[in-house]
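What follows is a set of notes on a single structure, which appears directly below.
The values are calculated or read from the model by the stated rules, or taken from the named source; none is laboratory data. All figures in this text were calculated on a predicted structure; none of them were measured in a lab. Note that each Cβ is placed from the backbone with ideal geometry, even for glycine, and that neighbours are counted across all protein chains shown. When the accessible area is computed, the model is the full protein with side chains, heavy atoms only, and any ligands, DNA or RNA have been set aside. Shrake-Rupley method; radii C 1.70, N 1.55, O 1.52, S 1.80 Å.
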Amino acid sequence: MTEVTLRQLRYFAVLGEELNYRRAAQRLFITQPALSTAIKQLEQAFGVVLLNRNTREVALTDLGAAWLPQVQQALSGVDAVVENLVTLSGTRQGRLRFGYLIGTGADLLFRIVRHFETAYPDVSVEPIEYDFADPTAGLADGSTEVALIRPPVDLPEHRMLILDSESWVACLPRDHRLAGRREVEIAELLDDPIVCAPLTAGPWRDYWMAMDVRGNRPPTIAAVAATYEAETTAIARGLGISFTTASVSRFYDRPGIAYVPIVDRPLSHVALAWHPGTLSPQADALVKHVQQQWSFGDGEDVAVPATQY
């Protein structure tokens with residue numbers, strides 16, 4: 001029986017997905033000539049043609065198109081077997097993708113990473129920052145395994161551990177009628193144009209527009225911002241206001257804006273979130289490390305659904 005290598009299968013699968021030698025080679029971290037040679041060897045070994053090539057495009061043949069999903073399924077099985085070996089062995093060596101929402105729990109992030117890497121020196125933590133376009137910080141699409149988020153988020157299968165809580169503040173242009181106040185109530189600001197997150201933020205966007213108390217007063221969108229830098233710039237220009245948290249007033253203070261505490265809003269939470277069914281050994285170790293070793297002021301001691309807040 002003619003032999004085929006796992007490497008050849010991976011090369012064919014990636015090229016079949018990309019249908020572009022340059023992009024496929026980049027994904028595989030090899031050169032285009034090396035990829036071309038491997039595919040030709042695979043075809044010659046079986047006397048088949050899997051892809052049609054010319055100077056402009058690459059296309060799967062009928063045989064290649066029929067075989068590609070079978071190869072993808074086989075590779076998924078191999079990857080699962082390898083993951084099972086890691087799980088069964090109990091090893092926690094490797095890399096952990098740790099997402100965090102921009103401006104969320106910056107001090108907590110560094111404390112967690114520093115203490116975890118001290119306890120587990122064989123695990124390399126890779127913090128990945130996400131802007132307001134994805135308040136799940138990579139959890140929704142699986143780009144990250146564990147993340148620091150600020151609920152509410154649309155992750156019904158995930159669990160979270162509340163680590164910190166803080167009050168709402170209004171971010172106002174310096175010349176706003178309420179900028180000199182010591183505190184405000186939310187109803188005093190509902191008619192102001194608001195700078196808000198992108199639509200992709202879903203319930204998180206609604207939460208930070210205070211949709212729960214607007215009733216028949218729909219918001220007037222002044223601008224859309226995916227970062228605090230863009231948000232505060234728009235407000236300094238006098239385009240509108242925003243609602244944010246007390247920590248943001250410390251980290252993102254700038255000329256042209258004023259922060260005023262809002263006295264009648266529930267606290268906003270910072271949480272560690274994860275999917276309990278897909279944790280790698282490294283991610284599981286981090287979650288347990290935080291649960292067992294840390295004490296965070298008002299933090300809860302139990303994991304709750306990520307949609308609860």
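At most 15 other Cβ atoms within 10 Å and a DSSP loop assignment: could you name the GluC sites (Glu not before Pro) in segment 107-168 that fit?
Taking segment 107-168 and a limit of 15 other Cβ atoms within 10 Å, the loop GluC sites (Glu not before Pro) found are Glu157.
Counting only protein heavy atoms and a 1.4 Å probe, tell me what percentage of the chain's accessible area is made up of carbon and sulfur.
Carbon and sulfur: 51 percent of the exposed surface of the chain.
Solvent-accessible area per residue for the chain at a 1.4 Å probe radius, Å²?
52 Å²
Of all beta bridges DSSP finds with both residues in the chain, what is the antiparallel percent, to the nearest 5?
60 percent
First measure r as the distance between the Cβ atoms of Arg254 and Glu18, then evaluate 1/(1 + (r/R0)^6) with R0 = 51 Å and state the FRET efficiency to the nearest 0.05.
After rounding, the FRET efficiency stands at 0.75.
Relative to the longest principal axis of the chain, what angle (0 to 90°, nearest 10) does the C-alpha long axis of helix 62-89 take?
70 degrees
Can you give me the relative contact order of the chain as a percent, contacts being Cα pairs under 8 Å and 6 or more apart?
So the answer I get is 22 percent.
Treating the angle as unsigned and between 0 and 90°, give the value, to the nearest 10°, between the Cα long axis of helix 106-119 and the longest Cα principal axis of the chain.
50 degrees
For Ile257, enumerate residues with amide H under 5 Å from its amide H, sequence gap 5+ or separate chain, H modeled in the peptide plane.
Arg174
May I ask you to derive the relative contact order of segment 168-261, considering only C-alpha pairs under 8 Å and at least 6 residues apart, and to give it as an integer percent?
After rounding, I find 50 percent.
With a 1.4 Å probe and all protein chains kept in place, how much accessible area does Arg7 have, in Å² rounded to the nearest 10?
110 Å²
For Ser242, list long-range residues whose amide hydrogen, built 1.01 Å from N in the peptide plane, is under 5 Å from its own amide hydrogen.
Amide H neighbours of Ser242: Cys171, Val195.
Apply 1/(1 + (r/R0)^6) to the Cβ-Cβ distance of Ser124 and Gln32, taking R0 = 45 Å, and write down the FRET efficiency to the nearest 0.05.
FRET efficiency, Ser124 to Gln32: 0.90.
Counting only C-alpha contacts under 8 Å and six or more residues apart, can you give the relative contact order of segment 6-89 as a whole percent?
About 28 percent, as a whole number.
Among Ile235, Ser36, Gly256, which residue has its Cα positioned farthest towards the positive end of the charge dipole of the chain, with +1 placed on the Cβ of Lys and Arg, -1 on the Cβ of Asp and Glu, and the dipole taken about the Cα centre?
Ser36
How far, in nm, would the chain grow between His289 and Leu267 when pulled straight, counting 0.36 nm per residue and subtracting the alpha carbon separation?
Using 0.36 nm per residue and subtracting the Cα-Cα distance, I get 5.4 nm.
According to the square roots a ≥ b ≥ c of the eigenvalues of the Cα gyration tensor, what is the shape class of segment 58-204, taking rounded for a/c under 1.5, prolate for a/b larger than b/c otherwise, and oblate for the remainder?
In terms of gyration-tensor shape, oblate.
Considering only protein heavy atoms, what is the solvent-accessible area of Val290 at a probe of 1.4 Å, reported in Å² to the nearest 10?
0 Å²
Order Glu3, Glu17, most accessible first, counting only protein heavy atoms with a 1.4 angstrom probe.
Glu3, Glu17
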